[in-house]
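Take a look at the structure below.
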Amino acid sequence: MTDFSHLIRSQNLIDGAWVDADNGQTLDVTNPADGSVIATVPNAGSAETRRAIDAAGAAFADYAAGPLGERVARMRKLHDAIMDNLEPMAAMLTAEQGKPLAEARAEVGSSAAYVLWFAEEARRTDGAIIPAPLPGRKLLTTRHPVGVVAAITPWNFPSSMLARKLGPALAAGCTTIVKPATATPLSGLVWGHLAEECDFPKGAVNVLTGSARHIGGEITSNPKVAKITFTGSTEIGKQLLAQAAGTVKRMSMELGGNAPFIVFDDADLESAVAGAIIAKFRNAGQTCICTNRLYVQSGIYDAFTEAFSKAVANLRVAPGQEDGAEQGPMIDAHALSKIGALVDDARAKGGEVVTGGAPHDRGGLFYQPTVIANANKDMRLTTEEIFGPVAPIFRFDDEDEAIAAANNTEYGLASYAYTSDLGRAFRLQDRLQYGLIGINEVLIVSPEIPFGGLKESGLGKEGSWQGIDDYLDTKFTCIGGL
Ligand code: NAP
């Protein structure tokens, strides 16, 4: 296992200084694979947050007005620094989050890719000259960084979720306050260290760990924060939207999902099974775009269920650091017991556990990869985000029925379908009420695409040219009397 101790930061970064919490309190960071303590981080609150916001506010004018070429060069340097540290950053991510090392490497690589993408987008934040309806006037639009940005991120992608926020914010000329999830703060704090190494000015990146309620309370109520960008549950996203209403901030929300995965009779069975394994079991089912519900057409139901269950039963459950690990532990005891409760509920309502269905022999936070056939809409896992390695399979007869069932949720993040009918592929694209649609493909995320949910899955897009747009205000100027 690659040594990552040199990347551990056990203090917060505020105004260019690494500091403890005012009250001296710390929180343990544990490895979910074995419960060992990896490090401690400060348990900061409102006062520290206010100082970080003041620092970001003080740094903003100079950072935003600095030469664009310099900003782009720093972003490129940041990309290179992440790539140079890919192995220790991936090892650290696996240690605090639990995902297999191969997935952690991919996540850190994707963080670097987002930074590079936004370094390039920084050069394209141009405005427009609008043809004037009257003579003697020039009508112009120009785009400007929104100001101080606060980013709050979840534990399941502690590196790349931050990259999708810090990347566009810093590229646009904004200064930032970052609050990583308490379960995985090290992959957030390391960005403070990298930003210093890459010569970002003091105050441009501030990183705080500690009380979500107090840090979030200050961020949402402080008028100096122009924008909040949040990735996490819909429940907390709604709270933040309500809390921030008093100061009318710009809000970007990447929230929960309940992704359907539809397999039609005409699908290629082998690729549907391979796709379903990735879409369901990546990060032990703990991603916002993980399949929550598999809908399989009657003609292929038995063949798919058999082949899929066989592949699921063969998944290698092991600590993320172990060679060949395909599924790591759950993030914490609460997540483990929630999975158990959802499976019990499904069993009681007629679900057939084809494989798995219990905690794994490895003990601790490991759960068996699980398939439940004969799923029905009364089960809790139809409406709740499972966020674990449990795959319920529903049966359907025709396309209309599948689409109606897929859309029957307040969520609208990711959806998947396997079919060899081109006409159907386009009908699905029209009718699935989701921000992301993968047809015969599950690896659908990259910096080039506008990632974001519809309905209660979110507001705004991360990635693509739209990703930087969310960090810019458009000003209109009319110059008359010409
Ligand atoms: P969460 O409980 O909503 O927490 C997300 C972040 O919000 C954490 O940093 C958390 O801090 C913080 N937080 C919690 N309560 C807060 C409050 N009152 N004020 C301010 N901040 C607060 O979500 P999670 O369990 O970490 O992540 C899983 C969820 O994220 C799932 O619903 C998943 O679908 C969603 N997600 C969405 C996307 C997307 O792109 N749409 C991507 C990944 C994950 P603490 O850790 O200190 O509690």
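The values are calculated or read from the model by the stated rules, or taken from the named source; none is laboratory data. Nothing here was measured: the structure is a model prediction, and the numbers come from that model. All Cβ positions, glycine included, derive from the backbone under ideal geometry; neighbour counts span all protein chains shown. Accessible surface is based on the protein model in full, side chains and every heavy atom, while ligands, DNA and RNA are left aside. Shrake-Rupley method; radii C 1.70, N 1.55, O 1.52, S 1.80 Å.
Side notes on the structure shown:
- Screening GLY188, GLY192 for residues that are assigned to a helix (DSSP H, G or I), under 21 Å from ILE8 (Cβ atoms) and out of contact with any helix residue (DSSP H, G or I) (no Cβ under 7 Å at 6 or more places or on another chain) leaves exactly one candidate, GLY192.
- PHE261, sole failed condition from (1) more than 9 Å from the ligand (Cβ to nearest atom); (2) among the hydrophobic types (A, V, I, L, M, F, W, C); (3) more than 26 Å from PHE366 (Cβ to Cβ): (3)
- Pair list, Cβ under 7 Å, 6 or more apart: the stretch 133-153 residue away from the ligand (no atom under 16 Å from the Cβ) and open to solvent by less than 20 Å² (accessible area, probe 1.4 Å), other residue β-branched (Val, Ile, Thr) and not in a strand (DSSP E or B): VAL148/ILE53
- Of the residues examined, GLU235 is not one that is more than 17 Å from the chain's Cα centre (by Cα) and acidic (Asp, Glu).
- Answer residue from the stretch 338-363, given it is under 14 Å from ILE393 (Cβ atoms), in contact (Cβ under 8 Å) with a residue 40 or more places away in the chain and outside any strand (DSSP E or B) and is most open to solvent (accessible area, probe 1.4 Å) among those: GLY356
- Residue in the stretch 193-212 that is near the ligand (Cβ under 9 Å from one of its atoms), buried (at least 24 other Cβ atoms within 10 Å of the Cβ) and more than 30 Å from SER5 (Cβ to Cβ) present: no
- Single match in LEU454, LEU472, LEU443, LEU413 (criterion: in contact with a helix residue (DSSP H, G or I) (Cβ under 8 Å, 6 or more places away or on another chain), over 22 Å from LEU269 (Cβ atoms), aliphatic (A, V, I, L, M) and open to solvent by 10 Å² or more (accessible area, probe 1.4 Å)): LEU472
- Pairs, first assigned to a helix (DSSP H, G or I) in the stretch 107-128, second among the hydroxyl-bearing types (Ser, Thr, Tyr), C-beta under 6 Å, six or more apart: GLU107/SER159; GLU107/SER160; VAL108/SER159; SER110/SER160; SER111/SER159; SER111/SER160
- Residues of the stretch 284-337 satisfying the condition of being within 25 Å of PRO158 (Cα to Cα), in a helix (DSSP H, G or I) and free of Cβ contacts under 8 Å to residues at least 12 places away in the same chain: HIS334, SER337
- Lone qualifier among LEU315, LEU294, LEU336 - being within 16 Å of the ligand (Cβ to nearest atom) and either out of contact with any Lys or Arg (no Cβ under 8 Å at 6 or more places or on another chain) or closer than 30 Å to GLU462 by Cα (or both): LEU336
- Pairs linking a residue in the stretch 246-260 that is closer than 17 Å to VAL148 by Cα and in a loop (DSSP other than H, G, I, E, B) to a residue that is open to solvent by 10 Å² or more (accessible area, probe 1.4 Å) and near the ligand (Cβ under 10 Å from one of its atoms), with Cβ atoms under 6 Å and 6 or more positions apart or on different chains, do not occur.
- Residues (free of Cβ contacts under 8 Å to residues at least 24 places away in the same chain and more than 30 Å from GLY328 (Cα to Cα)) located in the stretch 29-64: ALA61
- Among the residues of the stretch 165-183, the ones that are of a type outside the set (S, T, N, Q) and either modelled with pLDDT under 95 or not in a helix (DSSP H, G or I) (or both) come to 8 in all.
- Of all residues in the stretch 364-409, those satisfying the criterion of being of a type in the set (S, T, N, Q) and in a helix (DSSP H, G or I) are THR382, THR383, ASN407.
- Extreme residue, nearest to the ligand (Cβ to nearest atom), among residues of the stretch 213-232 that are open to solvent by 50 Å² or more (accessible area, probe 1.4 Å) and free of Cβ contacts under 8 Å to residues at least 40 places away in the same chain: ARG213
- Condition met for ARG380 (within 16 Å of the ligand (Cβ to nearest atom) and either at pLDDT 95 or above or open to solvent by 70 Å² or more (accessible area, probe 1.4 Å) (or both)): yes
- Residue match in the stretch 305-320 (condition: of a type in the set (Ser, Thr, Tyr), open to solvent by 20 Å² or more (accessible area, probe 1.4 Å) and either more than 19 Å from LYS99 (Cα to Cα) or modelled with pLDDT of 95 or more (or both)): no
- Residue in the stretch 237-249 that is under 19 Å from ASP15 (Cβ atoms) and near the ligand (Cβ under 8 Å from one of its atoms) present: no
- Scanning the stretch 424-482 for residues that are in a helix (DSSP H, G or I) and of a type in the set (A, V, I, L, M) yields ALA425, LEU428, ILE468.
- When residues of the stretch 67-79 are limited to those that are touching a residue at least 24 places away in the same chain (Cβ under 8 Å) and open to solvent by 10 Å² or more (accessible area, probe 1.4 Å), the one nearest to the chain's Cα centre (by Cα): HIS79
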